[in-house]
Structures are given as C-alpha cells and as structure tokens.
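Novice: Starting off with a structure, shown below.
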Amino acid sequence: MNTDSMAINYELGRKSWFSALYGLKAVLPGLLAMFFVAIFSNNLAGVPNPFTLQNLFAWLDGVIGPVHHQSFFQVLNSNFVWNPLLLGLIIGNVFGVPDCWKRGLSYIHMLMPLGIIMLAPHFMIGHAFKLGAAPILICTAFLFLTATMTLWISKLFKLDDRHGSIIAGGLATGDPHVCAILMPLIKAKGGQVVHSTACVIGFGLVSMFLLPVLGEWMGLTPKAMGLASVVGVGNNAQSLFAAFGSSYEAGRWATWYDVGRHVIMPAGFLYVFIVMFVRKLRRRDDETVMATRGIKSFPIWLGVFVFLWVLACLHLFKEPAHHAIFEMVKWDFSLAAGALGLSMSFREITQHGLKGVAVTAVAGVLRIVLLLAAIALCAKTGLLAA
C-alpha cells in the first residue's frame, strides 16, 4: 500500500482528534510512573501520603531551624515543581527509564499548557494597588528591563536563544517556575529549562547575601531595602532572606512588596514569548533562530490564559475557587515535572556549560546596580517615602 492510500484510510477511519493519541495500554506505564513520582514528592490534594519529599524537607527545616526567618529548603526553592523534578532525575539517572514509559511521559506536552491556563486565577493585580504608584512602577519597569537586558546579553554571549529566553523569563520575574512555564512557548529543551532554573536559583542565593551589604553601604531605609530585595533578588524566600538579613523592618516591607512582584509575573513570560515570536516571524530563514520555532501562530491555549487572567484581575474568581484551582495546578505541574525529570539525563543539563551562568550573573548584577540607583533617586526626590 502506498503512502497516499495509507493517509486516505487513516482520515476515513479517524473519528476525532483523540484518534491521534496513543492507546491506553501504550501510555499507562509512563502515566503511572509520573503519578507515583508526583505523590511521593509533594503533599497533593486527595492523597493522604505522609512519605513525601515535601514532608522530609519540612522535617529537616525543623531540625535546622529558620535562617533569617526563612526555612532553609524554601530558600533552596523546594516546591511542587522542583521536588518531583529532583526525584524524577534521581530515579531516571540511577535506575534508568524503560522504553515502555516513554510514550506516557510524552504527555508532558499536554500537561504544561493545561497547568499554565489554570495558573491564571492566581494572579490578581488588584492585590497590588495598595502598594503605591512608585513601587508598582519600579516592579513593572524592572521586569521588562531585566527581560530585555538578559535577551540582549545572551545574544552577545552567543547563547542558544531558547536557553537565553528561559533565563530572561526566570530572572525578570524572579520566579524559577517561569522557566518551566516558558518551556512549551519557547520550544526549549528539557536540559535548557533545568539549567536555566539552576542559574536563576543560584544567582538568587548569591544576591540574597550581596544585597544587604550594598543596601547598608548606601544607607537605604528599611522600606527601600524591602523593595530592593523583592525586585533585585526576586524569588520569594530568597528575597525575604535578604530583607530580614538587613533588618526585621525591611523584612516586613519585603513581605508587603512581594505581592506586587508576584501578580505582574504573567506579563514577564508573555513579554519574552512575544519578543521571541516576533523575532522568529521576521527571521524565518535564519537557522540560528530556534526560540518559538514550530509555533506558526499565537497559541490558542495562551489566549485562554490571557482571557482568564483578565477575569482574575476583575476579581471574577472567588477565593474558594482560586484555592481549589491552585490545588489542581499543583497536581498538573507535579506530574509534568516528574515526567521531565524521568526523561532527562544529568549530561543534558551539564552540557550547557557556564555560558548560561555568565549571562545570568551579568544581567542580574546589572539589574541590581540600576535598581539601587533608581531606588536611591526615588528616595531622594520623595517618590519613595521613608
């Protein structure tokens, strides 16, 4: 039978788009592997399982005790994405992954967009209105500035544009989760995503010690130091570590300002995607342009996310619904992160070398310098009251 007749027979026998999916027997082993990695990583809704990495890390946090009012493993970014990713990496690299799991693990490409859509009600911009005009403007301006600088610096360093885009999103928003969120949008490799996540977390660990020293040297007020920690460090526990490392009052202000950073986070990864998508459309024949390659039009599912985000900003999602949806998000991202960990070798992560680390460090330090200058100017002119 020739290829044309095979295609015709397939189209005639196809009932719906579900016909393109693998059969249950083919995907069940991989789906079960994802499921068990997820439930042994996190405390997920509906699963009363006490033997999880989350509980182990919580117990160790109790043994270690708080450091600058923060749990040690929270500072290291232990969460519903990192825990299953770590467990999956250990299982996959120590014991290996059978071929019969691979078709089920490929469902990560369906889980990621679904999880991103369900994240939308989590970002309610109205929560940031009480912060004041100057802090909101500083958070927003440095989100776009950091993303733009990082993309430009990654181009100077000749870093793969997919890798640079993932770093730009994670560093600009201050949230390593964004590295995973951008994966289906940028069409990045799993090793690039994990390497970028490690770069963002690693720079946060350095900057949370550096920023209090610089703030004290500049004589920043606790209020200014709280804002500088949130925007300059980013990641929640790490920014609070930096602020409380300066003073208790700075830590309280950082807790307040972190709301502003968090609710504008979608603007950061949407900006990175749109910039790289437009770049790809303008340079279709350039083989060095890999980011968003294969995406021919604006993804429908991303449009659904934007629509739901607008509804969330209008406060059309009530608190019980918001919390229930976020429990589903934890399930979705835990499954996807577990699949990503099982699908990857340590070599795929380490092969990207130190170029990504250098891009993150240069962009991050430049952001801190410009941020401290901007905050000092706002304080001097009275835009940021003491």
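Novice: Just to check your reading of the model, which residue among Glu287, Glu319, Glu348 is among the charged types (D, E, K, R) and touching a residue at least 12 places away in the same chain (Cβ under 8 Å)? Please lay out each step first, then the result.
Specialist: Details: Glu287 fails: touching a residue at least 12 places away in the same chain (Cβ under 8 Å); Glu319 fails: touching a residue at least 12 places away in the same chain (Cβ under 8 Å).
The unique qualifying residue is Glu348.
Novice: Let me ask another. Here are some conditions: (1) surrounded by fewer than 16 Cβ atoms within 10 Å (Cβ to Cβ); (2) touching a Cys at 6+ places or on another chain (Cβ under 6 Å); (3) hydrophobic (A, V, I, L, M, F, W, C). Val369 meets all but one. Which one does it not meet?
Specialist: Status for Val369: all satisfied but (2).
Novice: Among the helices (runs of 4 or more DSSP H) confined wholly to the stretch 129-194, which include 1 or more residues that are modelled with pLDDT of 95 or more, touching a Gly at 6+ places or on another chain (Cβ under 7 Å) and within 18 Å of Ile368 (Cα to Cα)? Quick ask: steps written out before the conclusion?
Specialist: On the way: elements: 133-156, 161-173, 177-181, 183-186.
Those helices (runs of 4 or more DSSP H) span 133-156, 161-173.
Novice: Among the numbered criteria (1) open to solvent by less than 50 Å² (accessible area, probe 1.4 Å); (2) under 19 Å from the mean Cα position of the chain (by Cα); (3) within 30 Å of Val369 (Cβ to Cβ), which single criterion is violated by Val259?
Specialist: (1)
Novice: Give the residues of the stretch 220-255 that are more than 21 Å from the chain's Cα centre (by Cα) and closer than 22 Å to Ser78 by Cα, sorted by residue number.
Specialist: Ala243, Phe244, Gly245, Gly251
Novice: All but one of (1) under 20 Å from the mean Cα position of the chain (by Cα); (2) surrounded by fewer than 21 Cβ atoms within 10 Å (Cβ to Cβ); (3) of a type in the set (S, T, N, Q) hold for Thr292; which doesn't?
Specialist: Only one criterion in (1) under 20 Å from the mean Cα position of the chain (by Cα); (2) surrounded by fewer than 21 Cβ atoms within 10 Å (Cβ to Cβ); (3) of a type in the set (S, T, N, Q) is unmet by Thr292, namely (2).
Novice: Just wondering, is there one or more residues in the stretch 204-222 that are touching an Asp or Glu at 6+ places or on another chain (Cβ under 7 Å) and buried (at least 18 other Cβ atoms within 10 Å of the Cβ)? I'd like the intermediate steps shown before the answer.
Specialist: Taking the stretch 204-222 and keeping what is touching an Asp or Glu at 6+ places or on another chain (Cβ under 7 Å), we get 222.
Remaining after also requiring buried (at least 18 other Cβ atoms within 10 Å of the Cβ): 222.
Yes; the residues of the stretch 204-222 include at least one that is touching an Asp or Glu at 6+ places or on another chain (Cβ under 7 Å) and buried (at least 18 other Cβ atoms within 10 Å of the Cβ).
Novice: When you go through Phe51, Phe57, Phe80 one by one, which is the residue that is outside any helix (DSSP H, G or I) and in contact with a Ser or Thr (Cβ under 6 Å, 6 or more places away or on another chain)? Break it down stepwise before answering.
Specialist: Values: Phe51 fails: in contact with a Ser or Thr (Cβ under 6 Å, 6 or more places away or on another chain); Phe57 fails: outside any helix (DSSP H, G or I).
Sole residue among the options that is outside any helix (DSSP H, G or I) and in contact with a Ser or Thr (Cβ under 6 Å, 6 or more places away or on another chain): Phe80.
Novice: May I ask you to say which residue of Ile274, Ile375 is open to solvent by less than 30 Å² (accessible area, probe 1.4 Å), out of contact with any Gly (no Cβ under 6 Å at 6 or more places or on another chain), over 30 Å from Gln54 (Cβ atoms) and part of a helix (DSSP H, G or I)? Give the steps one after another, and end with the answer.
Specialist: Working: Ile274 fails: open to solvent by less than 30 Å² (accessible area, probe 1.4 Å).
Step by step, each of Ile274, Ile375 is checked, and only Ile375 is open to solvent by less than 30 Å² (accessible area, probe 1.4 Å), out of contact with any Gly (no Cβ under 6 Å at 6 or more places or on another chain), over 30 Å from Gln54 (Cβ atoms) and part of a helix (DSSP H, G or I).
Novice: Another question, if that's okay. Return yes when Ala134 is in contact (Cβ under 8 Å) with a residue 40 or more places away in the chain, surrounded by fewer than 20 Cβ atoms within 10 Å (Cβ to Cβ), small (Gly, Ala, Ser) and within 30 Å of Val310 (Cβ to Cβ) and no when it is not.
Specialist: Values: in contact (Cβ under 8 Å) with a residue 40 or more places away in the chain: yes; surrounded by fewer than 20 Cβ atoms within 10 Å (Cβ to Cβ): yes; small (Gly, Ala, Ser): yes; within 30 Å of Val310 (Cβ to Cβ): yes.
Judged against the criteria, Ala134 is a match.
Novice: Can you give me the number of residues within the stretch 340-356 that are under 18 Å from the mean Cα position of the chain (by Cα) and either open to solvent by 70 Å² or more (accessible area, probe 1.4 Å) or more than 20 Å from Ser165 (Cβ to Cβ) (or both)?
Specialist: Within the stretch 340-356, residues that are under 18 Å from the mean Cα position of the chain (by Cα) and either open to solvent by 70 Å² or more (accessible area, probe 1.4 Å) or more than 20 Å from Ser165 (Cβ to Cβ) (or both) number 1.
The values are calculated or read from the model by the stated rules, or taken from the named source; none is laboratory data. Everything quoted here is computed from the prediction, not taken from an experiment. As a convention, Cβ positions derive from the backbone with ideal geometry for all residues, glycine included, and neighbour counts pool all protein chains shown. The protein model used for the area step is the full one, side chains on, heavy atoms only, and it has no ligands, DNA or RNA in it. Shrake-Rupley method; radii C 1.70, N 1.55, O 1.52, S 1.80 Å.
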